[in-house]
Amino acid sequence: MNGPRRLIGSRAALGLGGVLALGAILAWAAPAAAHALLVSSDPARDTSLASAPATILLTFTEAADPRLSTVTVLDSAGRAHGPTRPSAVAGHPDELSLAPGKLADGVYTVSWRTVSSVDGHLAAGSFAFSVGVAPPTGPALAAGAQVASQPLSVAAAHFVLYLGLLVLLGATLVAAFLALVLGAALLRLSLLAWLVAAVGTVALGAAQAANAGAGLFDLPGTSLGAGLLLRALTLLAAGACLLAARRAWGAGRQRPALLLGALSTAAALLADAILSHAGAGGWLAVLIQWFHLLAVGAWLGGLPALLLELGACTPRERATVAWRFARLATVGIGAVALTGILRAVTELVSPADLVTTGFGQLLVVKSLLLVVLAGLGALNHFRHAPAAGDSLTGLVRTARAEMVVAVVVLLVSSQLGNLVPPAEAGATGSPTPTLTASGHDFGTSVRLRLTVSPGVVGLDTFTAVVADYDTGSPVRAAGVHLHFTLPARPDVGASDLDLKASPTLGTFSASGSNLSIEGTWQVTALVQAGLASVEVPLSLSVHPAPPVVDVDRVPGNPTIYTVHLVAGDTVQVYLDPDKPGVPNDLHATYFDAQGDGLAVTAITATVAAAGGSPATVVLQTLDPGHVVGKLADPIGPQAITFTGTAPDGTVLHAHLTIAPGS
């Protein structure tokens, strides 16, 4: 008779299969959103306001934890304005608000980072709006998008948790209902599975806390802390039942405790379903996900326990136990298929998502693996289980293969939990382009040229022309998806823009304020063509939009330049005598929105001639908010920058160029 160690199979084979599977999933992993994603905002994305907003209101797909989330308002130079910790909105758990303080005219980026109160996943994104700056003309603005990338530590911890819980459920079910001999090896397997689940629970809590920028001891009072407590309580209940079964083992009264252990494990899986994607879809989605996990646990999680039990049985007992498990596995296969289909229907927008999104592609891989498992299960059900009384060779070999494939399925499922479902992600006469970037995909199948107009910080029109790499012929595609990141500023969330096909074949266009901060942006252009989709990496360097400056020229007098600042405040700048090649006094006077003098303090200034480096101007205060400095023989355009602090603490920045005598 084959012993339990022989029946469990080769550790080397299982380890190699797990390592290869993990490598495949890590290679597949890509940034994705999850899962408190931005639905709308006030001010809305890409809008131009006449005056600065007093409050910024963000609405998400699900509740975001305000204690772990951040919202940062940045100007076009990347400087933060106001607080970064948002406030909850009473009666609206899916909304966060922030008071940014006084904002000058210009373009502003709202960079947000949320931790979902439902599944604990981190999401991030950004959008821009402008104050006192008109948007460009061109096509209608495309809807914004956002991304969220969960670290691999979260997926790895979830894999360990899944492995422990599913094997624990399968072992306790086999021991409570199917086993005839009920050897002590089943109890040891259950205890080991519980220990693995406990390690996975702690690791998942630590990984989620680190991802949210917090520590384990920072979690009490947060949604992540509540989720960790729920997982821990159900797991502790299962552990208590296993200890009770261990004490009752010698007296033969262990089955009731094992049954309670199975129920407690089922409760732990219910907690996982509540804290997953399904938690945002209501109780029906939670129940479907829960039944899916229960079916997987009864079918695949029970395989190790089955092999241990068969190893301790007589030939007659083996046939009975094998046939019982075969019927349970058949029910499990059917339940997994049905609940999987129901979940896919709610998570996908259309069948095309199966090939055009990372979530859909990974779902296809999982489905194919489950088909393989179903085939192996059918082989055991119809051929090997009926012959178990005579020989276990076929059943053992097939069960080993099932366990290896099951490990891969768990890895895929763990990574799926890190990706956002497509249903949740929901959310010609152009000006002359002034910024362009060209590139091609890694396989040199297409060339892409991206033009940006007007090509400065703020609202721009993006036009992509896609052509065959060899022939130069226009490429037919469903669209072009642009993904923007600013490597120099990791605190600024990534953003996305979908370019729509224009009447001209191979040309795609949309407008957006994705280039909202000066600097060098990395842009990934995804040419969406089904299985032939390709990515083209690009780089764009942008500069701030020109400031709003009024120029007042009166013959015989210095020209006065009025730079518009925040909330109607201004600064008037002029040179005296306003002549090139001679010493000039540089004057700056600040005014509030009513035209009264504004007592700005800590005023500094720099000046740079064309092609030169900025030099500090020594300033003398004449009156509160009125300063003067000396420029030595300025010739040609002078780039001048003023910085000062308003009475309410707002830092005011003014940029302008003055050509003496112009």
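Computed from the coordinates by the stated procedures, all read-outs in this text should not be read as laboratory data. Predicted model only: the values in this text are computed from it and were never measured. Using ideal geometry, Cβ is built from the backbone for each residue, glycine included, and neighbour counts are taken over all protein chains shown.
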In Å, what Kirkwood hydrodynamic radius results for the chain from the alpha-carbon pair distances? 28.7
Normalised convex hull volume, the range 151-417, alpha-carbon set, Å³ per residue: 116
Would you compute, for the Cα atoms of the range 358-398, the largest minus smallest coordinate along each principal axis and list the three values in descending order, in whole Å? 47, 15, 7
If unit charges are put on Cβ atoms (+1 for Lys and Arg, -1 for Asp and Glu) and the dipole of the range 549-658 is taken about its Cα centre, the option from 563, 615, 597 lying farthest towards the positive end turns out to be 615
For the range 364-398 and the range 302-320, write down the distance between their C-alpha centroids in whole Å. 15
Scoring the range 212-307 by relative contact order with C-alpha pairs under 8 Å, at least six apart, yields a percentage of 21
Positive-end residue, the range 435-542 charge dipole about Cα centroid, Cβ charges, pick of 503, 437, 521: 503
If every Lys and Arg gets +1 and every Asp and Glu gets -1 at its Cβ, then about the Cα centre the chain yields a dipole, in debye to the nearest 20, of 4020
So what's the Cα pair-distance distribution over the range 38-126, bin width 10 Å, in %? 17, 54, 25, 4
Log entry: pair-distance distribution for the range 502-567, C-alpha pairs binned every 10 Å from zero, whole % per bin is 14, 27, 23, 16, 13, 6, 1
Quick check of the Kirkwood formula: for the range 549-658, what is the inverse mean of 1/r over all pairs of different Cα atoms, in Å? 14.1
To the nearest 20 debye, what charge dipole does the range 549-658 have about its Cα centre, counting +1 at the Cβ of each Lys and Arg and -1 at the Cβ of each Asp and Glu? 360
Beta carbons within 10 angstrom, averaged per residue: use that to sort the peptides 257-265, 440-448, 283-291, highest first. 257-265, 283-291, 440-448
Expressed in angstrom and ordered largest first, the alpha-carbon extents of the range 435-542 along the principal axes are 38, 27, 21
Taking +1 at the Cβ of each Lys and Arg and -1 at the Cβ of each Asp and Glu, which of 583, 178, 55 sits farthest along the dipole of the chain towards its positive end, judged by Cα position relative to the Cα centre? 178
